[in-house]
Amino acid sequence: MTLLRSFTFQLWEIFVGNLLLLLCSLLYLAWWVVSFRPHSAGGSAGAAYIITAFITGCLAIGLMSSGINSLSGHPKGVPVIFILAGGVAMFIILLLATSLGFHRAVTSELLIMHVWAVLELSAVAVLYGTGRLGAGRAAAMAALVGMATLLALVCYALYYRLDAVAQYYIGMAPLAADAAVMAVFLALLALS
């Protein structure tokens with residue numbers, strides 16, 4: 001695609017990082033489908049899916065963090081440090097709220113959804129700061145990330161209050177929503 005030729009190295013890091021996060025989300029979803037289907041014995045494919053998801057997720061975090069850090073010096077937009085601090089504060093508040101208020105067992109998904117949201121919002125902030133995304137597109141992407149994160153939090157809070165079939169389906173909703181948001185983000189970035 002000729003539009004991608006104007007990418008700098010840092011933009012490629014953010015783009016490829018998002019692409020890897022999309023792949024991670026799809027692999028995580030495949031693992032969920034195989035491993036948590038009610039009345040199913042699962043299979044060895046589940047292990048391959050989750051290991052590959054973990055590897056792609058770690059690579060994505062590294063690439064995106066590098067690109068975000070390199071582009072974060074622009075004065076326009078929200079400083080990434082505020083997004084990071086807000087993400088940590090929200091994680092602590094929601095950890096306490098879900099464990100104490102909802103009596104929900106703490107699982108890695110709470111951390112995963114926060115890391116994802118902070119990465120995406122940080123990428124949107126620096127892309128807005130560099131002028132790669134206009135105010136409307138940046139606000140739309142931030143809103144999509146916010147809605148996907150809110151959906152994930154609702155699913156997380158409700159999960160153990162549901163029967164096995166409902167748990168199976170509600171566990172897939174955040175993964176599918178995140179994948180859709182990342183697909184939109186990749187398209188916006190490619191077309192910007």
Task: Matching option when the condition is under 25 Å from Ala53 (Cβ atoms), modelled with pLDDT of 90 or more and of a type in the set (Val, Ile, Thr), among Thr149, Thr98, Thr107 - done: Thr149
- [ ] Go through the stretch 35-52 residue by residue and tally those that are surrounded by 13 or more Cβ atoms within 10 Å (Cβ to Cβ) and either touching a His at 6+ places or on another chain (Cβ under 6 Å) or of a type in the set (A, V, I, L, M, F, W, C) (or both).
- [x] 5
Task: Checking His114 against (1) surrounded by 15 or more Cβ atoms within 10 Å (Cβ to Cβ); (2) closer than 15 Å to Asn18 by Cβ, the condition it does not meet - done: (2)
TODO: Sort through Val80, Val106 and tell me the only one that's among the β-branched types (Val, Ile, Thr) and within 20 Å of Asn18 (Cα to Cα).
DONE: Val80
Task: Failed item in (1) at pLDDT below 95; (2) surrounded by 17 or more Cβ atoms within 10 Å (Cβ to Cβ), with Leu20 passing the rest - done: (1)
Task: Test for Ile55: is it surrounded by 17 or more Cβ atoms within 10 Å (Cβ to Cβ) and either under 19 Å from the mean Cα position of the chain (by Cα) or at pLDDT 90 or above (or both) - done: no
Task: Lone qualifier among Gly67, Gly77, Gly17 - being closer than 20 Å to Ser192 by Cα and outside any helix (DSSP H, G or I) - done: Gly77
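Restricting the search to the stretch 63-85, which residues are surrounded by fewer than 16 Cβ atoms within 10 Å (Cβ to Cβ) and touching a residue at least 12 places away in the same chain (Cβ under 8 Å)?
Passing the criteria: Ser66, Ser70, His74, Pro75, Lys76, Leu84.
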TODO: Could you please find all residues in the stretch 117-137 being of a type outside the set (D, E, K, R) and either on the phi > 0 side of the Ramachandran plot or surrounded by fewer than 20 Cβ atoms within 10 Å (Cβ to Cβ) (or both)?
DONE: Thr130, Gly131, Gly134, Ala135, Gly136
Open item on the list: Taking the conditions exactly as written (hydrophobic (A, V, I, L, M, F, W, C), surrounded by 12 or more Cβ atoms within 10 Å (Cβ to Cβ) and modelled with pLDDT under 90), does Ala166 satisfy them or not?
Closed with: no
Task: Hits in the stretch 117-136 (condition: over 18 Å from Leu22 (Cβ atoms) and in a helix (DSSP H, G or I)) - done: Ala125, Val126, Tyr128, Gly129, Ala135, Gly136
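The values are calculated or read from the model by the stated rules, or taken from the named source; none is laboratory data. Predicted model only: the values in this text are computed from it and were never measured. Every residue, glycine among them, receives a Cβ derived from its backbone with ideal geometry; neighbour counts consider all protein chains shown.
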